[in-house]
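All of the numbers you see were taken from the coordinates with simple rules; none came from a lab. Keep in mind that what you see is a predicted model, and the values were worked out from it rather than measured. Ideal geometry is used to build each Cβ from the backbone, glycine not excepted, and the neighbour counts take in all protein chains shown.
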Amino acid sequence: MDARNPGSRPPRALVLDTDGVLLDSAGLHAAAWKTALDACLEAVAGERQPPFDAEGEYRRFVDGRSRYDGAAAFLAARGLELPAGTPRDPPGRATIRAVAARKEQAFVDLLRTEGATAFDDARPALAALGEADVSCAAVSASRHARALIRAAGLAGLLTAIVDGEDAARLGLAGKPDPALFLHAAALLGHSPRETAVAEDALAGIEAARRGGFGLVVGVDRTPSRSSTAPLRDQGADLVVPDLLTLVRSVWGERG
């Protein structure tokens, strides 16, 4: 049932963020961002700026956003300015596009050496949702998401996948704009009010709230549950430690 309205019907569809919710890949993204942003800070500001915080600043400024938007948001928060650059800029430190390209390069290198896997609860939770006739879609700003979801063996449990390639092709704005989530709900054939969103990023919670989704769920997988309060403050109706808890809390004892 809806966490905000106990007498209401449970959502008929669920849109899930990919990195940090379905796949254990958020740490790779954070490490890749640190590689790119620390190099940028050293070049632009030297010792006048502390290194990028791969926990707090990652969650506040870049988690859930496109590479370009994430780099721009972080640099703006530090009071630094770089030219926007062009999508053809090679990996580097001189433009926002170059920093974003450096993050992409670092992420691909980490994927090659470490890989990304699904969380243990992802498959049984998606299977339980399928048995409950809840349509599910995965959303990510990453252009790698579709391939990673397939490699993790989750694609067959999802009705739709919306990733960075789709966003670029369709001109969909990145989070905190709700465009990705709204497109996923449309692919599932349900209105936002009939659809829940599960997110671990603050930008994603904001996007779901702005999109008018019927239930906005924060997923806090941190060992100390350090993200629970920020997710609630951002507007999450419910915060859970994993997807099986979400299934049991909203759709009943199916997980």
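The angle separating the long axis of helix 96-114 from the principal Cα axis of greatest extent in the chain is about 60 degrees. As a rough footprinting exposure proxy, the listed residues L80, L158, L243, L22 were ranked by other beta carbons within 10 Å of their own, and the order from fewest upward is L80, L158, L243, L22. Length gained on full extension, A76 to E165, computed as 0.36 nm times the residue gap minus the Cα-Cα distance: 29.5 nm.
Sequentially through region 30-44, phi angles give Karplus couplings (6.51, -1.76, 1.60; θ = phi - 60°) of 4, 5, 5, 4, 5, 4, 6, 7, 5, 5, 5, 4, 4, 6, 8 Hz, Gly and Pro residues having no value and appearing as x.
Between region 71-111 and region 179-255, the C-alpha centres lie 29 angstrom from each other.
For the chain, the mean residue ellipticity at 222 nm estimated from helices alone is -12500 deg cm²/dmol, where every DSSP H run of n ≥ 4 contributes -39500 (n - 2.57) and the total is divided by all residues, rounded to the nearest 500. Choose one of A32, T86, Y58: the residue whose Cα lies farthest towards the positive end of the charge dipole of region 27-114 (beta-carbon charges +1 Lys, Arg; -1 Asp, Glu; about the Cα centre). The Cα lying farthest towards the positive end belongs to T86.
Our summary gives the chain a relative contact order of 24 percent, counting only alpha carbon pairs under 8 angstrom and 6 or more residues apart.
With r defined as the distance between the Cβ atoms of D233 and T117 and R0 fixed at 35 Å, what FRET efficiency is calculated, to the nearest 0.05?
Numbers: r = 30 Å, r/R0 = 0.86.
After rounding, the FRET efficiency stands at 0.70.
Compared with the dominant Cα axis of the chain, that is its longest principal axis, helix 179-188 is turned about 30°. Across region 79-93, computed HN-Hα scalar couplings (Karplus, 6.51 cos²θ - 1.76 cosθ + 1.60, θ = phi - 60°) run x, 10, 10, 9, x, 5, x, 10, x, 8, 4, x, x, x, 9 Hz from first to last residue, x flagging Gly and Pro.
Close amide-amide hydrogen proximity is noted between T222 and S227, each under 5 Å apart and 5 or more residues distant or on a separate chain (H modeled in the peptide plane; Pro and chain starts excluded).
Positive contributions from Lys and Arg (+1) and negative ones from Asp and Glu (-1), summed over other residues with Cβ under 14 Å from the Cβ of A203, come out at -3. Counted by Cβ distance under 14 Å from A45, the other residues give a net charge of -1, where Lys and Arg count +1 and Asp and Glu count -1.
Going from the residue with the fewest nearby Cβ atoms within 10 Å to the one with the most, E81, E57 rank E81, E57. Going from the fewest other Cβ atoms within 10 Å to the most, the residues D133, D109 appear in the order D133, D109. One way to sum up the overall shape of region 27-114 is the equivalent ellipsoid from its Cα gyration tensor, whose semi-axes run 18, 15, 12 Å, largest first.
Enumerate by residue number the trypsin sites (Lys or Arg not before Pro) in region 203-255 meeting two conditions: DSSP loop (anything except H, G, I, E, B), and at most 16 other Cβ atoms within 10 Å of the site's Cβ. Intermediate results must be reported in sequence, preceding the final value.
On the way: sites: R209, R210, R221, R225, R232, R248, R254; in loops: R221, R225, R254.
Listed in order of number, the matching sites are R225.
For region 26-114, applying the loop criterion from DSSP together with a ceiling of 10 other beta carbons within 10 Å to the trypsin sites (Lys or Arg not before Pro) yields R88.
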